[in-house]
1. Looking only at the stretch 56-69, decide whether some residue is modelled with pLDDT of 85 or more, of a type outside the set (K, R) and touching a Ser or Thr at 6+ places or on another chain (Cβ under 6 Å).
2. Considering the stretch 42-77 alone, what residues qualify as being part of a helix (DSSP H, G or I) and farther than 30 Å from G27 by Cα?
3. Just name the residue that is nearest to M92 (Cα to Cα) out of those in the stretch 19-51 that are hydrophobic (A, V, I, L, M, F, W, C) and surrounded by fewer than 11 Cβ atoms within 10 Å (Cβ to Cβ).
4. Of all residues in the stretch 60-85, count the ones that are in contact with a helix residue (DSSP H, G or I) (Cβ under 6 Å, 6 or more places away or on another chain) and either among the hydroxyl-bearing types (S, T, Y) or without any contact (Cβ under 8 Å) to a residue 24 or more places away in the chain (or both).
5. Condition (residue is charged (D, E, K, R), surrounded by fewer than 11 Cβ atoms within 10 Å (Cβ to Cβ) and over 24 Å from the mean Cα position of the chain (by Cα)) applied to the stretch 52-60: is it met by at least one residue?
Amino acid sequence: MSEKQQKTAGPQPLLSDWMKTATEIWGPIVSMWTELYENEFRRFFNIPQVGLTRSYQEKVIRTVDQINIFQATMAEFMHLLFQPVEKSFHVMQEKLTAWPSRTLPFIWSFRVI
């Protein structure tokens, strides 16, 4: 698409391309990060602590481990939650581009009291 066509087409094609790219990239990144954390970083949290503050160190390490697991699970959940939103976005975008002119119907009605 040329630069002139992009300016006249508006943001829809660019947004659609970005959404497609984001969903293609997001899933593998989440699974790679989860796998990397489980296989590589998590074992460092299981190293025995020494010294007078051993119990506090163990609590902090356990908390950091739980936070990392929570963030990975939340990222995976958000990815799954975003999939139907993305599909509905594409359906809505197709419906809006199917209108014969660039003007959209007036959806909202306001009453002055």
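1. No, every residue in the stretch 56-69 fails to be modelled with pLDDT of 85 or more, of a type outside the set (K, R) and touching a Ser or Thr at 6+ places or on another chain (Cβ under 6 Å).
2. Of everything in the stretch 42-77, those that are part of a helix (DSSP H, G or I) and farther than 30 Å from G27 by Cα turn out to be R54, S55, Y56, Q57, E58, K59.
3. I25
4. Here the count works out to 2.
5. no
The values are calculated or read from the model by the stated rules, or taken from the named source; none is laboratory data. Just so you know, these numbers come straight off a predicted model, no measurement behind them. Methodologically, a virtual Cβ is constructed for each residue, glycine included, from the backbone with ideal geometry; neighbour enumeration extends over all protein chains shown.
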